[in-house]
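Any read-out appearing in this document is the output of simple, stated calculations on the displayed coordinates, not a laboratory observation. Just so it is clear, the structure is predicted and the values come from calculations on it, not from any experiment. All Cβ positions, even for glycine, are placed from backbone atoms using ideal geometry, and neighbour counts span all protein chains on display.
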Amino acid sequence: MDDTVRIEIEVSPEAAAALAADDERRRRVGEFVSRLVRPVPGEPDPLIELFRKTQQEAVSAGLSADDVEAELAAYNAERRS
């Protein structure tokens, strides 16, 4: 039995095209959104886990916190231009 419901959320045109073209990705994004909004009791928050994993990967790649801050600053400056 399918216990999901369809809703509409606003995303970029590129994200909409990617989701429209890939049923599996759309399903995974739906699961992620569901868990993000209502995390499963006793399980780690998926957004915090994503940040933790990303941080571990950055450290493993040899990046420092200063490197990450510099990249974020450059990205933000580029977006404002």
Quickly work out the GLU69-to-GLU8 label distance, labels modelled 7 Å from Cα along the C-beta direction, and quote it in nm with one decimal. 4.3
Counting other C-beta atoms within 10 Å, which of SER81, SER12, SER34 has the fewest, and how do the rest follow? SER81, SER12, SER34
At 0.36 nm per residue, and after removing the present C-alpha to C-alpha distance, how many nm does the segment from ASP45 to ALA17 gain when stretched out fully? 7.3 nm
Residues ARG28 and ALA77, FRET efficiency given R0 of 25 Å [Cβ-Cβ distance, rounded to 0.05]: 0.20
For mean projected area of the Cα convex hull in nm², several values are listed as (i) 5.8; (ii) 7.0; (iii) 8.2; flag the one computed from this structure. (iii)
Which of rounded, prolate, oblate describes segment 16-55, given a ≥ b ≥ c as roots of the alpha-carbon gyration tensor eigenvalues and a/c under 1.5 marking rounded, otherwise prolate only if a/b is larger than b/c? oblate
Please give me, ordered by residue number, the GluC sites (Glu not before Pro) of segment 7-81 that lie in loop per DSSP and have at most 16 other Cβ atoms within 10 Å. GLU8, GLU10
For LEU63, what residues show an amide H to amide H distance below 5 Å, using hydrogens built from the backbone and excluding near sequence neighbours? none
Could you work out the local net charge near ALA73, counting Lys and Arg as +1, Asp and Glu as -1, over the other residues with Cβ closer than 12 Å to its Cβ? -3
Under a Cβ-only charge scheme (Lys and Arg +1, Asp and Glu -1), can you give me the dipole magnitude of segment 31-81 about the Cα centre, in debye to the nearest 20? 240
Which trypsin sites (Lys or Arg not before Pro) in the chain sit in a loop by DSSP (not H, G, I, E or B) and have at most 11 other Cβ atoms within 10 Å of their own Cβ? ARG6
